[in-house]
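Here the structure comes first, spelled out in structure tokens, and everything after it is commentary.
Taken together, the values in this text are just the output of simple stated rules run on the coordinates, not laboratory data. This one's a predicted model, so the numbers in the text were calculated from it and none came from an experiment. A quick note on method: Cβ atoms are made from the backbone with ideal geometry, for glycine too, and the neighbour counts reach across all protein chains shown.
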Amino acid sequence: MITTLEVRDLRAGIGDKEILKGVNLAVRQGEMHAIMGPNGSGKSTLANVIMGHPKYKVYSGDVLVNGESILGLRPDQRAAKGLFLGFQYPVEVPGVGLASFLRNLVNMKRKQEGKGSMLVSEFQQMFNNQIKSLDVDESFTLRQLNAGFSGGEKKRAEVLQMAILKPSIAILDEPDSGLDIDALKSVAKAIRVQVGPELGVLVITHYQRILSHLEPQYVHIMVDGRVVKSGGDELSRLVEEKGYDWVKKEQP
């Protein structure tokens, strides 16, 4: 079965402040989507609501995976459904080794699937293979989770987590945030290595620059809590050329 993430007329916010004002969106395995929009349009809120961040309240609408609502599930249960969130600002966790962290995540996922823990040797082989395929520095095997990492290293570590966990749908919240051009190219390359029929990707960004490397099939423009325009990759180039004002002016 092809996994489908569907957002239906979703309205959500913080307390009484409505941020999402009727979002409709569907992402399937094998597809790459991008959401663009100005600051405050609700892009990151959408990512957090999909993954069940307790800070946000859903007023109406639904989020479904393969036709089943996930709004009543905890974030870890949503992850078990095949969802993954790459954070805009990955947290540093000194004292926790990156490899150990990832092995625990893998074993938690296997437990939810009714499987036994992965052998250390088996995990190490998988870990090393992914590091090579993603062109990640081998020093990552000895480092603590994001501690002392540069912006680019944090983003590549997130992509490494995605590669190890093998989600069905990955939501990447501003993977280009804070990156210089070389780091951006490296992160985009690592993401593209993972793209294929088993993975659907939703990239959230302000700018077209990372999309020029990723070449998404679908681009959605979000303004004031709604998806107001959708199209192909050419839409991102139009935004780069004209900005967002022309989209805003088209709105009633």
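With a 10 Å Cβ neighbour count serving as the proxy for reagent exposure, in which order, fewest first, do 91, 27, 65 appear? Kindly include the intermediate steps, with their values, before the conclusion.
Numbers: 91 8, 27 22, 65 19.
In increasing order of surrounding Cβ atoms, one gets 91, 65, 27.
Going by how many other Cβ atoms sit within 10 Å of their own, how do 74, 237 line up, fewest first?
Details: 74 11, 237 14.
Arranged by neighbour count, lowest to highest, 74, 237 become 74, 237.
Summing Lys, Arg as +1 and Asp, Glu as -1, what charge do residues with Cβ under 11 Å from the Cβ of residue 6 carry, residue 6 excluded?
On the way: positive: 8, 28; negative: 9, 62, 68.
Around residue 6, the surrounding residues sum to -1.
Out of all DSSP beta bridges in the chain, what portion is antiparallel? Express it as a percent rounded to 5.
On the way: 26 of 44 bridges.
So the antiparallel bridges in the chain amount to around 60 percent.
Does region 154-232 classify as rounded, prolate or oblate by the C-alpha gyration tensor (a ≥ b ≥ c root eigenvalues; a/c under 1.5 gives rounded; else a/b over b/c gives prolate, otherwise oblate)? Could you put the intermediate results ahead of the total?
Values: a/c = 1.78, a/b = 1.29, b/c = 1.38.
Oblate, because a/c is 1.5 or more while a/b does not exceed b/c.
Quick check: net charge around residue 127, other residues with Cβ under 11 Å of its Cβ, Lys/Arg +1 and Asp/Glu -1? Working shown, then result.
Working: positive: 103, 132; negative: 122, 138.
Net of charged neighbours comes to 0.
Taking springs between alpha-carbon atoms closer than 10 angstrom, which of 230, 139, 41 fluctuates most in the Gaussian network model of the chain?
Residue with maximal mean-square fluctuation among 230, 139, 41: 139.
Would you please classify the overall shape of region 69-128 from the alpha carbon gyration tensor, given that a ≥ b ≥ c denote the square roots of the eigenvalues, rounded means a/c under 1.5, and beyond that prolate means a/b larger than b/c while oblate covers the rest? The partial results should precede the final answer.
Details: a/c = 2.43, a/b = 1.21, b/c = 2.00.
Oblate shape, in that a/c is at least 1.5 and b/c is the bigger or equal ratio.
Size of the dipole of region 63-210 about the Cα centre, Lys and Arg at +1 and Asp and Glu at -1 on the beta carbon, nothing else charged, in debye to 20? Walk me through the intermediate numbers first.
On the way: 18 positive and 16 negative charges, 81 e Å.
Around 380 debye, computed over region 63-210.
Considering only Cα-Cα distances, which of the following residue pairs are longer than 20 Å: 55/154; 21/166; 57/111; 132/189; 57/248; 81/185? Intermediate results must be reported in sequence, preceding the final value.
Details: 55/154 24 Å; 21/166 31 Å; 57/111 30 Å; 132/189 13 Å; 57/248 26 Å; 81/185 30 Å.
Exceeds cut-off: 55/154; 21/166; 57/111; 57/248; 81/185.
Amide H neighbours of residue 86 under 5 Å, at least 5 residues apart or on other chains, H built in the peptide plane: list them.
171, 172, 173
Could you tell me the relative contact order of the chain? Use alpha-carbon pairs under 8 Å, at least six residues apart, and round to a whole percent. Numbers along the way, then the final one.
Values: 460 pairs, mean separation 71.8, N = 252.
The normalised contact order for the chain reaches 28 percent.
Let me know the shape class of region 131-198, please: from the alpha-carbon gyration tensor, a ≥ b ≥ c as square roots of the eigenvalues, rounded when a/c is under 1.5, otherwise prolate if a/b is greater than b/c, or oblate. Write out the running numbers ahead of the final one.
Values: a/c = 1.59, a/b = 1.22, b/c = 1.30.
The shape class here is oblate.
Under 11 Å from the Cβ of residue 41, count the other residues' Cβ atoms, weight Lys and Arg +1, Asp and Glu -1, and hand me the total.
Working: positive: 21, 43, 226, 248; negative: 224.
Within the 11 Å Cβ shell, the charges total +3.
Could you please rank 220, 206, placing first whichever residue has the fewest other Cβ atoms within 10 Å of its Cβ?
In order of increasing Cβ crowding within 10 Å: 206, 220.
Which value in deg cm²/dmol, rounded to the nearest 500, describes the helix-derived mean residue ellipticity at 222 nm for the chain, given -39,500 (n - 2.57) per DSSP H run of n ≥ 4 and division by the residue count? Numbers along the way, then the final one.
Details: 9 runs with 92 residues, N = 252.
Computed mean residue ellipticity for the chain: -11000 deg cm²/dmol.
Might you report the magnitude of the Cβ-based charge dipole of region 4-250 about its Cα centre, with Lys and Arg at +1 and Asp and Glu at -1, to the nearest 20 debye?
On the way: 32 positive and 30 negative charges, 117 e Å.
The dipole of region 4-250 has a size of about 560 debye.
On a full-extension model of 0.36 nm per residue, what is the gain between residue 209 and residue 124, subtracting their alpha-carbon distance, rounded to one decimal in nm?
Numbers: separation 85, 0.36 × 85 = 30.60 nm, distance 3.44 nm.
Roughly 27.2 nm would be gained on extension.
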